[in-house]
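Every read-out reported here was derived from the displayed coordinates using simple, explicitly stated rules and does not represent laboratory data. Because the structure is a prediction, the values reported are computed rather than measured. Reconstructed Cβ throughout: ideal geometry from the backbone, glycine too, with neighbour counts over all protein chains shown.
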Amino acid sequence: MEQLNVGILGWGTVGCGVIEILQSHREEIKKRLGRELVLKKVADIDLERPRPVSLPREILTRDAKAVIEDPDIDIVVELIGGIEPARSFIMKALERGKHVVTANKALLAHHGNELFDFARKHQRIIAYEASVAGGIPFIKSLREGLAANNIDTVFGILNGTANFILTRMRESGLTFQEALKEAQSRGYAEADPRLDIEGIDTAHKLAITAAIAFNMSIVFDSIYVEGISGIDPLDIQFGEEFGYVLKLLAIARLGEGGVELRVHPTFIPSGHVLAGVRGAYNAVHVHGDAVGHVMLYGLGAGMMPTGSAVVADLMDLARDIAQGIHCRLPALGSYELNPIPVKPMDEVVTCYYFRFSAVDQPGVLSKISGILGRNNISISAVIQKGRHIGGAVPIVMVTHEAVESSVRRAIEEIDRLDVVRAKTQLIRIENLPVNYSEV
C-alpha cells in the first residue's frame, strides 16, 4: 500500500491533537484513504517540554528546514501560529512542491490573498479547515456544501473564550475580570487574552468566512472590531429584561451598497438558537437563497477538535494526490472573486441598547429623548430604575433601527449634558428571527 508522508511544524496543543489522531486512528484512516498517512518529521524549538503524546526521537528536529526541504515529505502542516516565520515557512514549502495544511487564521486574515495566489502559481494547495470554528466542518460546508447558494448573511459565535466569559457573567453575575480569571484558570483563555476578548481573533475568522461566503478577497483591515472587556453585568441583566442575550457576534451581511463586516458585543433574542450556545462552544448561522437557514455548532478550539479538522484536511489532500489532482477547488471556493465594497460602520443600520447614567430629576428623560429624536432615532422601550448607582440612576432604552452615524452623533451630544454623569453604554441589537417557519 502506498503511503503519504507528513511533516509538522509546531508541536504544541494542536500539534499534539494531530499526532494523537494520526496514531490512534491509523488503521481507520488507512481504510478510508486506501493509503497510509505517515508522520515523517516534527519540528519544534522546544523538544523537552512534557506533552500528552510521545514520538520517536529520530523524527524530531529543532530545524524547520529539515521538514520543509525533506524531498520525501508530501504535505507540511504549519501549526506554529503568528505571522512570521509561519508565512515564510509556508511559501518555502510551496516552492518545494509541497501542499500545506494550516490552522493559522491570523496569517490567512492578513496574508491569505498573497499566499493563496502563491500556492496557485506553484500548483499546490493550502488547506485551512482548522482556521475557523475549530472542529466544526465550517469551511468545507461553506465552500462545498453550500456552493449552490447565493449567501447573504452569516452570523457567528467564533471565539470560545469570549463566549465562556459572557456565559459566566450572565449565569453567575460575575464581573468581566472575575469571569476572565476563571477562563484563564480553566485553560480557555491565554495569559495575554487580548486577541480573544478584544474581538481580534473573531475578526480574523470573519475575514476568511466572508471571503468564501461572498466570493470576495480577504479584507481584514475593513472589519469593524469591538471587544467585550467593557461589558458590565448590569447591561447583561437589563438586556434580559428586554428579552435579549449578549454574545460577541461576527456579522457578515451582503446587501445594497456592499457588505457589512463587523465584530462586536450584540444583543440577540433569547429564543434564537445562537442565544443558547453556552460556554466555550462555537456556532455559525448561515442563510442561503436555496437552502434557507443553516446552523453548525460544536467546539471551536482545543487539542482534539482542531486536530480533527487538520487531519480531515490531510485526508482530503491524500485523496486528491492519489487521483493526480492538484487544484480541485479554488482556495476561496471561486475562480472569479467579486470586487465587493465593505460598508463603512457609519452607514450600518441596526437597533441599539443604551444605558444612560443620569441625575434623578424631572426633565432628564425628555432632554435625552429630544436629542435622540432630532437625530432620527426612535425609542421602542424604556426602563428607568429608581436606585442610585454612583450618584446617578440608570435610564435604559432600546431603539428601533437607526443609522450608526446618527447614533454616534446623538450619544456624543447626550454625554455632554450636565445631567449625565458617565459615558453612555451602547450595545447593538440584531433582532434575528426566532421561528424560521415564519420567515
Length-normalised contact order of the chain, Cα under 8 Å, at least 6 apart, in percent, tallies to 16 percent
By the mean-Cβ-within-10 Å protection proxy, highest first, 171-182, 296-307 rank as 296-307, 171-182
For segment 165-296 the mean separation of alpha carbon contacts under 8 Å (6+ apart) over residue count, i.e. relative contact order in percent, is 21 percent
With the dipole of segment 345-436 defined by +1 on each Lys or Arg Cβ and -1 on each Asp or Glu Cβ, the option from V403, A392, I414 whose Cα lies farthest towards the positive pole is A392
Rounded to whole Å, √(5λ) for the Cα gyration tensor eigenvalues of segment 46-115, largest first, gives 22, 16, 9
Set K98/K247; K92/K247; K205/K367; K181/K343; K31/K205; K247/K385, cut-off 30 Å on Cα-Cα distance; pairs above it are K98/K247; K92/K247; K205/K367; K181/K343; K31/K205
Segment 171-192 and segment 65-141 have their Cα centres apart by a whole-number Å value of 32 Å
For segment 138-299, using Cα atoms only, the Rg and Dmax in Å read 15.6, 45
Once amide hydrogens are built 1.01 Å from N within the peptide plane, the residues lying 5 or more places from I8 or on another chain with amide H under 5 Å from its amide H are K41, V42, A43, V77
By the DSSP-based rule, helices of the chain that are at least 18 Å long along the axis (C-alpha) and have a mean Kyte score of at least -0.5 are 105-121, 200-213, 303-322
Once both label points are put 7 Å beyond Cα along the C-beta direction, the R416-S270 separation in nm becomes 3.9 nm
Rounded to the angstrom and largest first, Cα extents along the principal axes for segment 345-436 equal 43, 28, 18
Summing -39500 (n - 2.57) over every DSSP H run of at least 4 in the chain, dividing by its residue total and rounding to the nearest 500, the 222 nm mean residue ellipticity is -10000 deg cm²/dmol
Given a Förster distance of 35 Å, the FRET efficiency implied by the Cβ-Cβ spacing of Q323 and T61, rounded to the nearest 0.05, works out to 0.65
Computed about the Cα centre, the charge dipole of the chain from +1 Lys/Arg and -1 Asp/Glu charges at the Cβ has a magnitude in debye, to the nearest 20, of 320 debye
Taking max minus min of the Cα coordinates of the chain on each principal axis, largest first, gives extents in Å of 83, 46, 38
Relative contact order of segment 124-187 (C-alpha contacts under 8 Å, at least 6 apart) in percent is 20 percent
Subtracting the Cα-Cα distance of D152 and E401 from 0.36 nm times their residue separation yields 87.7 nm
